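> Sharing a structure, written as C-alpha cells. Questions coming.
Just so it is clear, none of the values below were taken in a lab; they were calculated from the coordinates. Quick caveat: nothing in here was measured; it's all calculated off a predicted structure. Heads up, the Cβs are rebuilt from the backbone with ideal geometry, glycines too, and the neighbour counts pull from every protein chain shown.
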Amino acid sequence: MSEPLQFMMGKYAAEVPADLYYSRNHFWCRVVAGKNRFGFSSYAIKLMQDVYFLDWQVNAGDKVALLEQIGHIETSKAVSDLFAPLEGTLLCFNPEVLADPSAINVNGYDKGWLFEMDGTIDSLMDANAYHAFLEENWEKAQRMLKGKINAGDD
C-alpha cells in the first residue's frame, strides 16, 4: 500500500490515504465487499472540527441522485447540509456513528465511516487528483472561512 499524501492546511496536515477514492464534497470512498463505504475526508474533519450530531433525511434502501441532499451535520463550527457523493442506493448507515458521532473525529478513515451505497464510482477522484483538487481550492476555502468568521463578528 502506498504512503498517504499530506495536504497542508496552514500548519495542520490533512491525510489523504492513497488507497481511497474521493468526492468533490470531501467524502472518501472505500470499496468493501462490493459496496461503496463513505466517510468524511481528513480535510473535511479538520475544517469542521468536532462533529456533534448527524441527521439523515434518507433511509437505507432509498435511491439518491448525485448531490441530492441526504442529511445534516452539526459541528463546533456550523450546521451544514450533506449531499450524496454519487448516484445510487443507500444500503446502510454506520450504527455506531449514529449512536455516537465522536468516532468521526477520532477515527474518520475507519470506525468513523458514515454509510454504504451502491453505484458506480467512476466520477470519484483518486488520491492524487483529490490532493490536486484541494490545492486548487485552498485559497477559495480560506476566503470563505474568513468571511464566515468575520460575518459572525458583527
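> Just to be sure I understand, if you calculate P(r) over Cα pairs in 10 Å bins from 0, in percent for this structure, which of [x] 11, 41, 37, 11, 1, 0; [y] 10, 33, 28, 19, 9, 1; [z] 10, 35, 24, 19, 10, 2, 0 do you get?
Matching the structure shown: [x].
> To continue, here is another question. Over the chain, with a Gaussian network built from C-alpha contacts below 10 Å, which listed residue (ASP118, ASP126, ASP55) shows the highest mean-square fluctuation?
Highest fluctuation of the listed residues: ASP55.
> Now for a different question. In a Gaussian network model over the chain where Cα atoms closer than 10 Å are linked, find which of GLY119, GLY34, GLY108 has the largest mean-square fluctuation.
GLY34
> Give, in nm to one decimal, the length gained when the segment between LYS111 and GLU74 is fully stretched (0.36 nm per residue of separation minus the Cα-Cα distance).
Answer, rounded to one decimal: 11.4 nm.
> Could I ask something else about it? If each of THR120 and GLU96 carries a label point 7 Å out from its Cα toward its Cβ, how far apart are those two points in nm?
Label-label distance for THR120 and GLU96, simple model: 3.3 nm.
> Search the structure for amide H atoms under 5 Å from the amide H of GLU68, placed 1.01 Å from N in the peptide plane, and list their residues when 5 or more places away or on another chain.
Those lying under 5 Å, H to H, from GLU68 are ALA84.
> Also, I was wondering about something else. From the phi of every residue in the range 67-80, what ³J(HN,Hα) in whole Hz does the Karplus formula 6.51 cos²θ - 1.76 cosθ + 1.60 yield, where θ is phi - 60° and glycine or proline is x?
So the Karplus estimates, Gly and Pro as x, are 6, 5, 5, 10, x, 9, 10, 10, 10, 5, 9, 5, 9, 10 Hz.
> What list of ³J(HN,Hα) values in whole Hz, one per residue of the range 6-22 in order, does the Karplus curve 6.51 cos²θ - 1.76 cosθ + 1.60 (θ = phi - 60°) give from phi, with Gly and Pro shown as x?
Couplings: 10, 10, 8, 9, x, 8, 9, 9, 9, 7, 10, x, 6, 8, 10, 10, 9 Hz.
> ³J(HN,Hα) across the range 40-49 via Karplus (A = 6.51, B = -1.76, C = 1.60, θ = phi - 60°), whole Hz, x for Gly/Pro?
These are the phi-based 3J(HN,Hα) values: 7, 5, 4, 4, 4, 4, 5, 5, 6, 6 Hz.
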